[in-house]
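What follows is a set of notes on a single structure, which appears directly below.
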Amino acid sequence: MKCPLCDSNSKLAFKSKGVNILDCQNCAHRFAEIEAGETHVNKVYDNTYFNGGGAGYSDYSLEADLLRKRGQMYAKKIAKYRNSKGRILDVGAAAGFVLKGYQDEGWKGIGLEPNKSIGQIGKDTLGLDIRQNSFEKFKVDEKFDLISMIQVVAHLYDQRTSFENAAFLLNDNGLLLIETWNRDSISAKFFEKNWHEYSPPSVLHWFSLAGLTDFLKQFGFEKIADGRPSKKISGKHAKSLLKHTIGNNFLLNLIPEKFNFPYPSEDLFWALYRKKSNDTT
């Protein structure tokens, strides 16, 4: 399978969950050997992804307050690099909890979510404008000042189309925020193929900060900030992820499901990119 980033040849790194994990021989991008498209999106991110456990959520509703706070946190980070608020597109919005956090801090805008029923929750309970579509297929006339992709880029089935679309949808000097798993983390290197984030078919791509930044340059994005995010997940979610990774273990029963646990931030990175202006005068 050719590299989805640079179309070069790849080689087998290892297998995970019965799926070949490949490394590009040119740009070193790591990806799952899965020919994905709209059918993949509809199948993998159905309602069981949000409530069925495994690599997804055991009960998405338990994360509502935590996700809203993440939106607030990122809005405050962005405020250091942008004087005014504007229009936001939150990609992979689900029920819109993160988007609501951005709105709490003064942003206006919309969410994008392929799962119609989970997006409808945000419409009904929070009054949000959440459109149903994959990012690869999303077309709209309006422009945005910020595109937020929190835990999204690893799931995109067409990376090149996605970031061509991001560049098109952003105003000049608009911002692109990405949070994703860090394949260069200490735990990723220590656990190697047993790292808990190797979980296809839900996850298709694994980036390093340097690799993502190099890839985005060709679409006119320059990195202006990065870091490690603080993050918490519910005990029920933590138990589900551990069960998916290590299997059944009686010790998992000791985890209180309604208690919020810190997620290892070293496994993650966030990066803020600016779309370069087309004005060369």
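Within the range 150-187, how many residues turn out to be over 21 Å from Arg70 (Cα atoms) and among the β-branched types (Val, Ile, Thr)?
So the answer is 2.
Give the number of residues within the range 1-35 that are assigned to a loop (DSSP other than H, G, I, E, B), open to solvent by 30 Å² or more (accessible area, probe 1.4 Å) and under 27 Å from Asn115 (Cβ atoms).
Number satisfying all stated conditions: 7.
Suppose the filter is more than 25 Å from Gly127 (Cβ to Cβ), open to solvent by 40 Å² or more (accessible area, probe 1.4 Å) and touching a residue at least 12 places away in the same chain (Cβ under 8 Å); does Lys108 pass it?
no
Is it the case that the range 117-127 has a residue that's at pLDDT below 95, under 18 Å from Glu38 (Cβ atoms) and polar (S, T, N, Q)?
The answer is yes, given that some residue of the range 117-127 is at pLDDT below 95, under 18 Å from Glu38 (Cβ atoms) and polar (S, T, N, Q).
Taking the stated definitions as given, is Gly71 modelled with pLDDT of 95 or more and within 23 Å of Lys116 (Cβ to Cβ)?
Spelling it out, Gly71 is indeed modelled with pLDDT of 95 or more and within 23 Å of Lys116 (Cβ to Cβ).
Can you pull out the residues in the range 139-170 that are modelled with pLDDT under 95 and touching a Ser or Thr at 6+ places or on another chain (Cβ under 7 Å)?
The answer is Gln151, and nothing else.
Are there helices (runs of 4 or more DSSP H) fully within the range 171-251 with at least 2 residues that are open to solvent by 70 Å² or more (accessible area, probe 1.4 Å), modelled with pLDDT of 95 or more and at negative phi? List them.
Where helices (runs of 4 or more DSSP H) fall fully within the range 171-251 and carry at least 2 residues being open to solvent by 70 Å² or more (accessible area, probe 1.4 Å), modelled with pLDDT of 95 or more and at negative phi, they are 209-217.
Name the single residue, out of those in the range 116-133 being in contact with a helix residue (DSSP H, G or I) (Cβ under 7 Å, 6 or more places away or on another chain) and outside any helix (DSSP H, G or I), that is surrounded by the fewest Cβ atoms within 10 Å (Cβ to Cβ).
Here the answer is Gln132.
Residues of the range 50-59 being at pLDDT below 80 and assigned to a helix (DSSP H, G or I), which ones?
Asn51 - this is the single residue of the range 50-59 that is at pLDDT below 80 and assigned to a helix (DSSP H, G or I).
Looking at Asn51, is it touching a strand residue (DSSP E or B) at 6+ places or on another chain (Cβ under 7 Å) and of a type in the set (S, T, N, Q)?
In short, no.
Which of (1) of a type outside the set (A, V, I, L, M, F, W, C); (2) in a helix (DSSP H, G or I); (3) farther than 23 Å from Thr48 by Cα; (4) modelled with pLDDT of 95 or more is the odd one out, the single condition Glu136 does not satisfy?
Result: Glu136 passes all but (3).
So, in the range 82-100, exactly how many residues are in a loop (DSSP other than H, G, I, E, B) and open to solvent by less than 10 Å² (accessible area, probe 1.4 Å)?
Looking only at that region, the number is 4.
Could you tell me whether the range 153-168 includes any residue that is in a helix (DSSP H, G or I), open to solvent by 30 Å² or more (accessible area, probe 1.4 Å) and free of Cβ contacts under 8 Å to residues at least 12 places away in the same chain?
Yes, that holds for at least one residue.
The values are calculated or read from the model by the stated rules, or taken from the named source; none is laboratory data. All values derive from a computational prediction rather than experimental measurement. Methodologically, a virtual Cβ is constructed for each residue, glycine included, from the backbone with ideal geometry; neighbour enumeration extends over all protein chains shown. We work out accessible area using only protein heavy atoms, side chains counted, and drop any ligands, DNA or RNA first. Shrake-Rupley method; radii C 1.70, N 1.55, O 1.52, S 1.80 Å.
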